[in-house]
Structures are given as structure tokens and as C-alpha cells.
Amino acid sequence: MTEFEGKTVLITGGGSGMGLATARRLVADGANVVLAGRDKDRLEAAAKDLDAGDRVLTVAADVSSTEDLDRLMAEIEQRFGRLHGVFANAGIALFGMSAQATEADFDHITGINFKGVYFTIQKALPLLGEGSSVVINGSWLAHRGLAFTSIYAATKAAVINLTRTLAPDLGSRGIRVNAVSPGYVVTDMFTAISSTEEAQEQCRSQVALGRLGSADDVADAAAFLLSSRSSYITGQELAVDGGLTTSVAL
Ligand SMILES: NC(=O)c1ccc[n+]([C@@H]2O[C@H](COP(=O)([O-])OP(=O)(O)OC[C@H]3O[C@@H](n4cnc5c(N)ncnc54)[C@H](OP(=O)(O)O)[C@@H]3O)[C@@H](O)[C@H]2O)c1
């Protein structure tokens, strides 16, 4: 029997990047996966790519909308009955200096990266039973100050703190809550921000392991935290950053 056989995992932002890589990893280990995101075409392409038939459910939903989250959970309940894991991974990176940030920017970024994570987990609770696992996607930027990331980095600090408070909050229900914190990981988000070879080399040169991360690097860590192999681990943040946050490049 494979590790995730008969288990169902919701992955927000499952249509691309780390979400899709995690879905691929879980499907290979026997899981049913639910991919949620705003772009229906992207989700359908992802499901085609996974090629796992009715073990994949796609639901177009915006995590910043609690109405969408209610509909998402209703569709999951109807199709699979319950959930065994949630990867609260959806996020956006909109960067700019604090002097230029607008209230709309603030509401947009926090609405997806913080409120979205909070209510994804809360709305999933009726479907999550004893032994379930929640993994939040944080970021190395919660730990180091980089100009032009003030709102984004604060949302990531918020969700890492949420990992710590939800661990005892949901521990009484037998639900574990952990976070992965990626470093520089080559996905659409990363290449949109670091689009030139020079910019990517600048990132790479700060990493102890001397290479940028891949979505699969994060998928392996997320899959571990979602699996029963991590059954006595909760409230933890696992950096998947090649040593970026804990070392100094000279
Ligand atoms: N790449 C990095 O270097 C890096 C580093 C640290 C942390 N992270 C974090 O890793 C996570 C995954 O990002 P990625 O790098 O894999 O980039 P990505 O490919 O851009 O993935 C982000 C996903 O989130 C979804 N999403 C965005 N807003 C959403 C919303 N309102 N509702 C539902 N889904 C939404 C997107 O789909 P739609 O656009 O279709 O909605 C997309 O599939 C993010 O939380 C990001 O902050 C990334």
C-alpha cells in the first residue's frame, strides 16, 4: 500500500509551482488531490498533467473569499466525504517600497496570503479528523528584512505564527499544523520577480548549497509533513531554503 492511498489532500494554489509539484508527489503516492486556484484553465491543465482521472478534483476558488471557500469545501465533501490533509499554499508576491504601498495593495496581499490561509484552514475543519495534517507555505522572508517586501513578508510572518498557535488549538482534535518556508524556488512567482540571469545569479550566490530551489524540493518537505511519517511533529517551521536563512555568503 502506498503512503497516501485512500487519503484526500486539498492544495490551494495547486495549479502551478510548488502546489502542483506537491500534488504530483502525493498522487504518485496514491492520494486523491483537490486543486484550488482562481484560474480554471490553469487548474484543468494541471489536472491533465497529473493524469490521475477521478483522483483529481479541480475547483476554481479565490481563497480570499469565504464564500468561495464554503463552496470549495462543499464540493470536496460531496466528492470525497472528508479531508486528511491541507496544503495552504496559495499566495501572491506583490512588491514595492512602503512609501508607495496603497490600502488596496495591503488588503489584496493580506487578503490572500493571511486571511486566505486562515479561513482555508478554518473552513476545512469540519472535513478534517483525527490524524489529519495541515501544512502552511511560509517564506524565508519572514526571517530576514528585504526592502520592498514589507506587506508580503509580514503576511508570511503572520502565517508562521499561526502555525504555532494552531498547533495547540487544533491539537485537541488530533490535527497537526506545520509550515514549510521556501527560499529562492524557481517557479512562475520567482521568475516574474527575478527575471534576468543576473538577478537569479545574485539570489543563487546567497544560498549555502549554491543552487536555487526547485518546486520538487518543497514538495518533498510538504509531503513529509502531510504524511504519517511526521506524526509527532506539530507547530514547526521547516526551512526549505538550501541554507539561505541560516548562513552568510562571503
Ligand atoms: N517561489 C519562491 O521563491 C517562493 C519563496 C517563498 C515562498 N513562496 C510561497 O510559495 C507559495 C507558492 O508559490 P509558487 O512559488 O509556487 O508560485 P506560483 O506558481 O505563482 O503559485 C501560486 C499559486 O497560488 C494561486 N493563487 C494566488 N492567489 C490565489 C487566490 N486568491 N486564490 C486561490 N489561489 C491563488 C495561483 O493560482 P491562480 O493565479 O490561478 O489563483 C498559483 O497557482 C506562495 O505562497 C509563495 O508566497 C514562494
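The values are calculated or read from the model by the stated rules, or taken from the named source; none is laboratory data. Just so it is clear, the model here is predicted, and its values are computed rather than measured. All Cβ positions, even for glycine, are placed from backbone atoms using ideal geometry, and neighbour counts span all protein chains on display.
Scan the stretch 209-235 residue by residue and report those that are part of a helix (DSSP H, G or I) and within 17 Å of the chain's Cα centre (by Cα).
A215, D216, D217, V218, A219, D220, A221, A222, A223, F224, L225, L226
Among the residues of the stretch 135-150, which ones are more than 10 Å from the ligand (Cβ to nearest atom), more than 23 Å from V9 (Cβ to Cβ) and of a type outside the set (D, E, K, R)?
H143, G145, L146, A147, F148, T149, S150
Hey, among the residues in the stretch 9-31 that are surrounded by fewer than 23 Cβ atoms within 10 Å (Cβ to Cβ) and not in a helix (DSSP H, G or I), which one's nearest to the ligand (Cβ to nearest atom)?
S16
If we scan the stretch 114-137, do we find a residue that is over 25 Å from S172 (Cβ atoms), surrounded by 15 or more Cβ atoms within 10 Å (Cβ to Cβ), of a type outside the set (D, E) and in contact (Cβ under 8 Å) with a residue 12 or more places away in the chain?
Within the stretch 114-137, none of the residues are over 25 Å from S172 (Cβ atoms), surrounded by 15 or more Cβ atoms within 10 Å (Cβ to Cβ), of a type outside the set (D, E) and in contact (Cβ under 8 Å) with a residue 12 or more places away in the chain.
Taking the condition in a strand (DSSP E or B), at pLDDT 95 or above and in contact with a strand residue (DSSP E or B) (Cβ under 8 Å, 6 or more places away or on another chain), does L57 pass?
In short, yes.
Return the only residue of A222, A179, A153 being of a type in the set (A, V, I, L, M, F, W, C), within 14 Å of the ligand (Cβ to nearest atom) and closer than 23 Å to E5 by Cβ.
Testing whether each residue is of a type in the set (A, V, I, L, M, F, W, C), within 14 Å of the ligand (Cβ to nearest atom) and closer than 23 Å to E5 by Cβ leaves just A222.
Working carefully through the options S172, S150, find the one that is out of contact with any His (no Cβ under 9 Å at 6 or more places or on another chain), farther than 21 Å from F224 by Cα and free of Cβ contacts under 8 Å to residues at least 24 places away in the same chain. Outline the logic, then answer.
On the way: S150 fails: free of Cβ contacts under 8 Å to residues at least 24 places away in the same chain.
None of the others qualify; the one that does is S172.
I'm checking my understanding of the structure. Among residues of the stretch 32-53 that are among the acidic types (D, E) and not in a helix (DSSP H, G or I), which one is farthest from S16 (Cα to Cα)? Outline the logic, then answer.
Let us first name the residues in the stretch 32-53 that are among the acidic types (D, E), namely 39, 41, 44, 49, 51.
Now narrow it down to the ones that are not in a helix (DSSP H, G or I): 39, 51.
Numbers: D39: 10, D51: 15 Å.
Ranking the qualifying residues of the stretch 32-53, first place goes to D51.
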